[in-house]
1. Conditions first: (1) surrounded by 15 or more Cβ atoms within 10 Å (Cβ to Cβ); (2) modelled with pLDDT of 85 or more; (3) not assigned by TED's automatic domain parsing to the domain that holds residue 149. Residue 7 passes all but one, so which condition is the exception?
2. Out of the stretch 10-27, which residues are within 13 Å of the chain's Cα centre (by Cα) and crowded, with 18+ Cβ neighbours inside 10 Å?
3. Are there strands (runs of 3 or more DSSP E) fully within the stretch 147-189 with at least 3 residues that are at pLDDT below 90 and at negative phi? List them.
4. Is one or more of the residues making up the stretch 119-136 in contact with a strand residue (DSSP E or B) (Cβ under 7 Å, 6 or more places away or on another chain) and modelled with pLDDT of 90 or more?
């Protein structure tokens, strides 16, 4: 899913919000067709989405923030949106990237079962996060050189995700991951 910045407010579209916005723009009967793009054809959907979101922002700013910018996802909603959310978080801050840790056999099985649509790199993937040492200067941080820490994100064990794209928390049974300007992993005993 693409994320949008509407008047300095980051907006992450969950699968449900994306479908709702597509219904408003393309009509209920054309929602599934709007996901398909023909080869060589320009994709102008992003402009339409941004225009529709900006219109909602102008109508009621506080309602827009609560309804479109903030999210509170549980169980299956959290599990199905985690890959897109982590991907957009990395793109928003420029703080890292996602990598695939599956072997070839698992990748082919996931592709055959249709799992690669929601999870292009599997239900269990690696988040590689750039970390600059405390005493480095700005020029090194800007080039993203330094230490990279990795953590495994397992979508099957996610219980809840709360926040917005700029600052959200992922709850597992045994740990909490806080994603924002500061990245933090807390283990729960």
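1. Of everything listed in (1) surrounded by 15 or more Cβ atoms within 10 Å (Cβ to Cβ); (2) modelled with pLDDT of 85 or more; (3) not assigned by TED's automatic domain parsing to the domain that holds residue 149, residue 7 misses just condition (1).
2. Selection gives 11, 12, 13, 14, 18.
3. Working: elements: 147-154, 160-164, 167-171, 175-179, 184-187.
Per the criteria, 147-154, 184-187.
4. No, the conditions are met nowhere in the stretch 119-136.
The values are calculated or read from the model by the stated rules, or taken from the named source; none is laboratory data. None of the values given here were measured: they were computed from a predicted structure. FYI the Cβ positions are ideal-geometry reconstructions off the backbone, even for glycines, and counts take in every protein chain you see.
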